[in-house]
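What follows is a set of notes on a single structure, which appears directly below.
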Amino acid sequence: MLFAIPFPALPTPPSWFPGHMNRFSKQLPALLSRTDVVLELRDARLPLTSINQNLEGAIRKWRAERGRDSTLIAPTPASVPGYGGMICERIVVLNKRDLVPEWGIEPFRKAMASRFPDQIVHFASCNKSRDMKTLSELLVNIAKTNPHAIEMNVLVVGMPNVGKSTLLNSLRNFGIAGRTSKALQTSAQPGHTRTLSTRLKISENPLIYSYDSPGVMLPFLGKGEQGAERGVKLALIAGIKESLYDVEGLVNYLLYRLNILDPVSPAYLKVLPPGSQPTTDVDDFLDQMASRLGMRLRGGDVDTSRAARWFVDWWRKEGGLISASAPKSLVFAADGPQERQQPHQQQHQYQHQPQHQHQHQHQQHAGPPTLRRGWGFDFEWTADPTNVDSSTVEQKMGKCIDACVRTAEEHEQAGGGISQTQEKKRAWQEKLAKRAAKNKAKFIGRKGI
């Protein structure tokens, strides 16, 4: 069992915001004006990290215009019954539910409902017929709440590679009678969908249409440790181009996370030699795995780079399912304190601090054994083996959510949403605008004389 799990060194986050993402961000307010339901997809492994804060402002304004938030803007005619726009719902779909432990789903749902009552949280896996049928029935029931509307329009949004196109293809199978063809192309690589799709019928009775949208990444992942950890998480789920990262750095963080999810028997033991013990040493881990898999270079040395790429791919396809079976309660083999630790050596290109949304509690050296536990990649807390009921898990998750929201607000107020390069570009554009206004005023003054 691991009681001491050091936090790994993290690379500086890259910037990846192609032009098609910027174009869609500008189109979003107009699209929302003719939208009845916003269906936001997030990855269940990253229910907080896969929130795109840049979409939040536009969605809040949309709800205000529909009369759902009178504190911001006066309601428009869209909120009048019979107008056809009375429906205004936001559904948050946590996709790939089979890759997170089942014991945390209901506590997370309750924690979110108590903090965001305007959001309908739905866990699903696009390859599970029962999940897709439940989501389809949810959309149909929402459409029936306004029988005066001729149709209901759904806009699907989310970060890259969270499964938007796959989900819409699955929904068509339940809403359209007979055999349906694959309407949208999908890819395992982020950024495949670059333009807004044409209207796609996903239900015939009632009539429901949907738009598939490009995945939109944050223009800037953030400064310091928060941005560094966010970038690595998104790269691991293929939400950002993996080529922007050193794959061995991704393995280092993945090893840490799998240890947190199950410090007794982490999922990666399946790919190590029989009898191996949990480890926090990424170099030793890659050596063992490369040796077992027979990955060697000319001369006989182990090929750790190839092993690292294989391990990330294995986790995405198989290891995630194994780690999702981690139990809520653990059998403790030893007593002792445990806390989230920092690496001992400093490297100038890495960030070492843990992100703010985790709870940092230092344990006493006496009393019952405690250790760090987690759910998905966004939740981490100090676990007490004597108290593992669902209400306790909900409370722990709630504190993580509160910390995440608080950090996001502080980050935005401090200007952390844009990089230094973007700040310089904005300042230069403002300077040019002032200069142009000044020259225009001079020209008008001279013409008046």
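We did not get these values from a lab; they are worked out from the coordinates using the rules stated. Not measured: the values here are computed from a predicted model. Every residue, glycine among them, receives a Cβ derived from its backbone with ideal geometry; neighbour counts consider all protein chains shown.
Just grab the label-to-label distance for Asn54 and Arg435, each label 7 Å out from Cα along the Cβ direction, in nm (one decimal).
In this crude label model, Asn54 to Arg435 measures out at 2.7 nm.
What does the highest-first list of 150-158, 116-124, 42-50, 205-213 look like by mean Cβ count within 10 Å?
42-50, 150-158, 205-213, 116-124
For Cα pairs less than 8 Å apart in space and 6+ apart in sequence, what is the mean separation divided by the residue count of the range 105-182, i.e. the relative contact order in percent? Show your work: numbers first, answer last.
Details: 37 pairs, mean separation 20.9, N = 78.
Value for the range 105-182: 27 percent.
Ser50's amide H: which non-local residues (gap 5+, or another chain) put their own amide H closer than 5 Å, with H modeled 1.01 Å from N in plane and none for Pro or chain starts?
The answer is Asp43.
5 Å is the cut-off here: which amide hydrogens, built 1.01 Å from N in the peptide plane, fall below it relative to Val121, excluding neighbours closer than 5 in sequence?
For Val121, whose amide H was placed from the backbone, the distant partners under 5 Å are Val92.
Roughly what would the spin-label model give for Arg109 and Leu207, points 7 Å off Cα along C-beta, in nm?
3.3
Would you please give the residues with an amide H less than 5 Å from that of Arg296, counting only those at least 5 places away or on a separate chain, with H modeled from the backbone geometry?
Here Asp303 satisfy the definition.
Assuming a ≥ b ≥ c are the square roots of the Cα gyration tensor eigenvalues, decide whether the range 267-313 counts as rounded (a/c under 1.5), prolate (otherwise, with a/b larger than b/c) or oblate.
Details: a/c = 1.81, a/b = 1.56, b/c = 1.16.
It is prolate, given that a/c is not under 1.5 and a/b is the larger ratio.
How about the range 213-311: which trypsin sites (Lys or Arg not before Pro) there lie in a loop by DSSP and see at most 11 other Cβ atoms within 10 Å?
Numbers: sites: Lys223, Arg230, Lys233, Lys241, Arg257, Lys270, Arg292, Arg296, Arg298, Arg306, Arg309; in loops: Lys223, Lys241, Arg298.
When the trypsin sites (Lys or Arg not before Pro) of the range 213-311 are filtered for loop state and at most 11 Cβ neighbours within 10 Å, Arg298 remain.
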